[in-house]
Amino acid sequence: MTDVHPNLRAWLDQLNPLVADQKARGVEATPRMVRDSLAGITATFVTRSPELPAVTDVQVNSADGDIPVRLYDPTPDKAKPVMLFFHGGGHMAGSVQVYDPIARKLAATSGWLVLSVDYRLAPETPYPGGLNDCLAVTRQVWQLLEQEGVGFERRLALTGDSGGGTYAATVSRLLAGDPDLNLTDQVLIYPSLDYTMDHPSITGHGEGYLLEETRIRWYFDHYFANGEDRRAASPLHMPVPEAMPETLMITAGFCPLHDEGVAYTRKLESAGVRCQLKDYSDMIHAYLNLEDLVPEACEQTYREIAGFLNRAAALQ
């Protein structure tokens, strides 16, 4: 039976007693605490960030205000396909700045133009505020690039990790088949896809592996502040349209969200959507944010994403 990667196990063995002590002392999490924690972990363990020739901060106008977006262009003199990236953080943490090195790696390894979206966070902005921001940027992506004078090919991929994967899958579902968008691909990295939390890995891996069941419930309780139908909002329980984009699903073996990622892949496949499932069996949730502990797995993941996105060119 596969065990957690030794480097992750050693780190968890240091982390878990601290978590247990906080629980014993009745320390309650706050939005600031989880934001600082994700930012600190990422800054500590993602220490290599590729230089790119063009990184630009822009904004997309929406009815709810301007949405910050950061553009990463690995080859400014060349038109290229476009990836929208929605960062993780349980809809409550993360930002374009925290995820800057990860977005840079996505651009550098894929060769695609990457747009990282700084959507609004709960609890200040509960459901569906962050989702609406992601929808607004997606709908305006071609207009934005034309305004900025950026060379691009009219082919779009949506990518997200964890809670950002929820947004990617939901936007894919809602905008699939839009002829102007040409949404061809989605990449979901250990995504959250079922707000009902009704899968064995939620409890089986829901304690002691960084992301815990109680924390997931806490995220969702803050996100769904007005008693919304969580099942209806879950990508796993939404009907699959015919034009759903081809999908790469990346799961981590010791992630509490593992089983819903597999279930979603099977659902898409049953509906005739072409899918690839890549399971990193000895990884935990958010391992891309722990890169220095598992550099080989992270490098392989970026290569996997690049290979999936550029598969057509590779066959020529």
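The values are calculated or read from the model by the stated rules, or taken from the named source; none is laboratory data. Because the structure is a prediction, the values reported are computed rather than measured. Every residue, glycine as well, gets a Cβ built from its backbone with ideal geometry; the counts of neighbours run over all protein chains shown. For accessibility, only protein heavy atoms count, side chains too; no ligands or nucleic acids. Shrake-Rupley method; radii C 1.70, N 1.55, O 1.52, S 1.80 Å.
So the values come out like this:
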item: Cβ-based charge dipole, the chain, positive-most Cα from 90, 265, 55; result: 265
item: C-alpha long axis of helix 163-175 to longest principal axis of the chain, angle in °; result: 40
item: Estimated [θ] at 222 nm from DSSP helical runs (n ≥ 4, -39500 (n - 2.57)) normalised by residues in the chain, nearest 500; result: -12000 deg cm²/dmol
item: Packing rank of 86-92, 24-30, 5-11, 254-260, where each peptide gets the mean count of other beta carbons within 10 Å, highest leading; result: 86-92, 254-260, 5-11, 24-30
item: Within the range 261-294, trypsin sites (Lys or Arg not before Pro) in DSSP loop having at most 15 other beta-carbon neighbours inside 10 Å; result: 274
item: Most positive-pole-ward Cα, 254, 183, 22, against dipole of the chain from beta carbon charges; result: 183
item: Under 5 Å, built H, 5+ apart or other chain: amide partners of residue 83; result: 113, 114, 115, 157
item: Rounded to 10°, Cα long-axis angle of helix 295-309 versus longest principal axis of the chain; result: 30
item: Kirkwood Rh in Å, taken over the range 164-235 so that all alpha-carbon pairs contribute; result: 13.8
item: Kirkwood Rh and Cα Rg combined as Rg over Rh, evaluated for the range 61-179; result: 0.94
item: Within the chain: Cβ-based charge dipole about Cα centre, in debye rounded to nearest 20 (Lys, Arg +1; Asp, Glu -1); result: 240
item: Calculated from backbone phi, Karplus (6.51, -1.76, 1.60) coupling profile of the range 255-265 in Hz, x at Gly/Pro; result: 9, x, 8, 3, 5, 6, x, 5, 4, 5, 4
item: Average Cα contact separation per residue, the range 184-316, under 8 Å, 6 or more apart, as relative contact order %; result: 30
item: Packing-based order for 151-158, 210-217, using average beta carbon neighbours within 10 Å, highest first; result: 151-158, 210-217
item: Using a Förster distance of 30 Å, the FRET efficiency for residue 274-residue 299 (Cβ separation, nearest 0.05); result: 0.75
item: Most positive-pole-ward Cα, 309, 116, 69, against dipole of the chain from beta carbon charges; result: 309
item: For residue 96, solvent-accessible area (1.4 Å; no DNA, RNA or ligand), Å²; result: 10
item: Rounded if a/c under 1.5, otherwise prolate or oblate - the chain, Cα gyration tensor axes; result: rounded
